[in-house]
Amino acid sequence: MVNLPLGYTNIHKYAQDVIAFMHEPLSVQITGGIHVNDAFIYDAWKKLPSEWTTWWESLPSPQDAQKDLINSLRIEPEARRHDLHGRPDSISRWLERIRNLSLNREQLVLSEDIPHVEVPDILASRMVTKKLAEVRAGARYINHICKTRNITRVVDIGSGQGYLSLTLAAVCGLRVLAIDGSEKQIQGSRTAAQQAGLVENDNVTHLTRFVTGTDGLGKEIALWARGERCLLTGLHACGSLSEHMIRLSTTVSCITHLAVVGCCYNHINPASTENPKGFPISSFMRTNELNLSTSALITGCQAPTNWIHNPDSIFARKHWYRAVLEKLLHDKKLVQEGNQRPVWGIRNGDLKSFTAYTSRALSSLKLKIGKDVTEQEIAEYEERYKHRVAETAVLWTLSVLLCRVVESVIALDRLFYLQEAGMEEVDVLPIFDYKESPRNLMIVASKKESNGTGR
């Protein structure tokens, strides 16, 4: 059973409240309705509640507002002691709603009776601390499910260098099918498997495949499984890959269990005429007309409470520069509205002045200073908007503030899809330490057995 936020006992009621919140005008605005880059074009600041903007403008520094907003996401009781004095009640109530509509992210504590899994030294030596902790936690949970459910095989999609796959094979004695779209990653995994003493096509089998559907790959998995039950997993399956895996778990008979952690939500493909199976994937979310923009999905990738405060950060200046530049380009009709801008690599030197930044941007757009934009115009726009740096700083922070709500929506969509497909014991587990691995929600499920018994 999903651990719902305080005050909720019905998951569908909770989901409907989350959808309604995401569809409110303010939520839509800050998650892409008006992008921070377009803040001065559409006067985003004035579209926020005036009580809020008046208070933020009264603070000594926009960083005070940013720190207060980010701290508001923390659920620890002591965090409220750091709320800024004088904050309008309407802001506090709104921030409380954000906390109350977010799924729990505190790491799941497994019973000490469940054996820990130590990663082989040959693999551990190649991992950063974050990855090592993820593999240990993921392998421990997966091994526990496999041992208690009589599962002998694991399919690891997006296996990369094989850290999880090889740990499960070498330490847990499971047969593993490691699948990745990169031949280079697969070769690296094969080499590590040999060094760990694993036998190809016995302890571990490697397969290079881009997972874009279910039919062909499902047949290959079934052939490899040889009639044995399998658990399908993937730690940080990027974008829509998690959705492909979820579909596989419901359509391939030998896959009886699922344990997948998603990430890179900005790579999720929304549903469209050309992509009818896109996000959202559940009938519940589609019936309730869930609509999240690409910018909103990007919001789900953020973890502002993990950011390290740096008073000398250049980000505030960069966002302000971009917003002023976009206003200049818009006013001069140099870029058509809605056209995607080319990406130019911002260097520290480009941020030494607005002129340097603009010069770099115009070059990328194949425009020239003197011909398309004059130096006087650049100076005039910088002067005109110099007192509004705080606006873009706060707007940027607001744009990431709904990160946990967005990720909760994505997790609920996947959970509902599995339930609608007849899967059992569907749950969302915060499997990793959020402070180290903010994409820590694992979607788990099991398939009802043909004899009518549970998993």
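Here are some notes:
- Of the residues making up the range 214-254, those that are of a type in the set (Gly, Ala, Ser) and open to solvent by 30 Å² or more (accessible area, probe 1.4 Å) are GLY216, ALA222, GLY227, SER253.
- Residue match in the range 167-178 (condition: touching an Asp or Glu at 6+ places or on another chain (Cβ under 8 Å) and outside any strand (DSSP E or B)): yes
- Taking the listed residues LEU69, LEU6, LEU73, the one that is open to solvent by less than 70 Å² (accessible area, probe 1.4 Å) and not in a helix (DSSP H, G or I) is LEU73, with no other qualifying.
- Residue in the range 167-200 that is surrounded by the most Cβ atoms within 10 Å (Cβ to Cβ), counting only those that are β-branched (Val, Ile, Thr) and under 28 Å from the mean Cα position of the chain (by Cα): VAL176
- So LEU164, is it assigned to a helix (DSSP H, G or I), over 21 Å from the mean Cα position of the chain (by Cα), surrounded by 19 or more Cβ atoms within 10 Å (Cβ to Cβ) and of a type outside the set (Ser, Thr, Tyr): no
- For beta carbons closer than 6 Å, sequence separation of 6+ or different chains, a first residue in the range 296-308 that is within 19 Å of VAL36 (Cα to Cα) and a second that is among the aromatic types (Phe, Trp, Tyr), the qualifying pairs are LEU297/TYR265; GLY300/TYR265; CYS301/TYR265.
- Qualifying residue in the range 289-305 (condition: of a type outside the set (A, V, I, L, M), open to solvent by 30 Å² or more (accessible area, probe 1.4 Å), assigned to a helix (DSSP H, G or I) and more than 26 Å from PRO25 (Cα to Cα)): no
- PRO60 open to solvent by 40 Å² or more (accessible area, probe 1.4 Å) and in a loop (DSSP other than H, G, I, E, B): yes
- Residues (of a type in the set (A, V, I, L, M), open to solvent by less than 80 Å² (accessible area, probe 1.4 Å) and within 23 Å of ALA445 (Cα to Cα)) located in the range 102-119: LEU103, LEU108, LEU110, ILE114, VAL117
- Exactly one residue among ILE157, ILE122 is open to solvent by 10 Å² or more (accessible area, probe 1.4 Å) and touching a residue at least 60 places away in the same chain (Cβ under 8 Å), and that residue is ILE122.
- Screening GLU274 with (1) crowded, with 17+ Cβ neighbours inside 10 Å; (2) more than 22 Å from THR31 (Cβ to Cβ); (3) out of contact with any Lys or Arg (no Cβ under 8 Å at 6 or more places or on another chain) gives one miss only, at (1).
- For the range 402-432, residues that are assigned to a loop (DSSP other than H, G, I, E, B) and surrounded by fewer than 22 Cβ atoms within 10 Å (Cβ to Cβ) total 2.
- Yes/no for GLY162 being touching an Asp or Glu at 6+ places or on another chain (Cβ under 9 Å) and within 22 Å of MET442 (Cβ to Cβ): yes
- Subset of the range 339-362 (residues that are of a type in the set (S, T, N, Q) and modelled with pLDDT of 90 or more): SER353, THR355, THR358, SER359
- For ILE142: the one exception among (1) touching a residue at least 60 places away in the same chain (Cβ under 8 Å); (2) part of a loop (DSSP other than H, G, I, E, B): (2)
- Matching entry among LEU123, LEU73, LEU84 (being within 26 Å of ALA411 (Cα to Cα) and of a type in the set (A, V, I, L, M)): LEU73
Matching residues to (1) of a type in the set (Ser, Thr, Tyr); (2) in contact with an Asp or Glu (Cβ under 8 Å, 6 or more places away or on another chain); (3) more than 20 Å from HIS35 (Cα to Cα); (4) open to solvent by less than 40 Å² (accessible area, probe 1.4 Å):
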{"site": "ILE314", "(1), (2), (3), (4)": "no, no, no, no"}
{"site": "TYR321", "(1), (2), (3), (4)": "yes, no, no, yes"}
{"site": "GLU326", "(1), (2), (3), (4)": "no, yes, no, yes"}
{"site": "LEU329", "(1), (2), (3), (4)": "no, no, no, yes"}
{"site": "LYS371", "(1), (2), (3), (4)": "no, no, yes, no"}
{"site": "ALA379", "(1), (2), (3), (4)": "no, no, yes, no"}
{"site": "VAL389", "(1), (2), (3), (4)": "no, no, no, no"}
{"site": "LEU398", "(1), (2), (3), (4)": "no, no, no, yes"}
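- Hits in the range 338-364 (condition: touching a Pro at 6+ places or on another chain (Cβ under 8 Å) and open to solvent by 40 Å² or more (accessible area, probe 1.4 Å)): none
- Among the residues examined, LYS435 qualifies as outside any helix (DSSP H, G or I) and surrounded by fewer than 22 Cβ atoms within 10 Å (Cβ to Cβ).
- Any hit, the range 380-390, residues being among the hydrophobic types (A, V, I, L, M, F, W, C) and within 35 Å of the chain's Cα centre (by Cα): yes
The values are calculated or read from the model by the stated rules, or taken from the named source; none is laboratory data. These numbers were taken from a predicted model, which means no experiment stands behind them. Every residue, glycine among them, receives a Cβ derived from its backbone with ideal geometry; neighbour counts consider all protein chains shown. Ligands, DNA and RNA are excluded from the accessible area calculation, which covers all protein heavy atoms including side chains. Shrake-Rupley method; radii C 1.70, N 1.55, O 1.52, S 1.80 Å.
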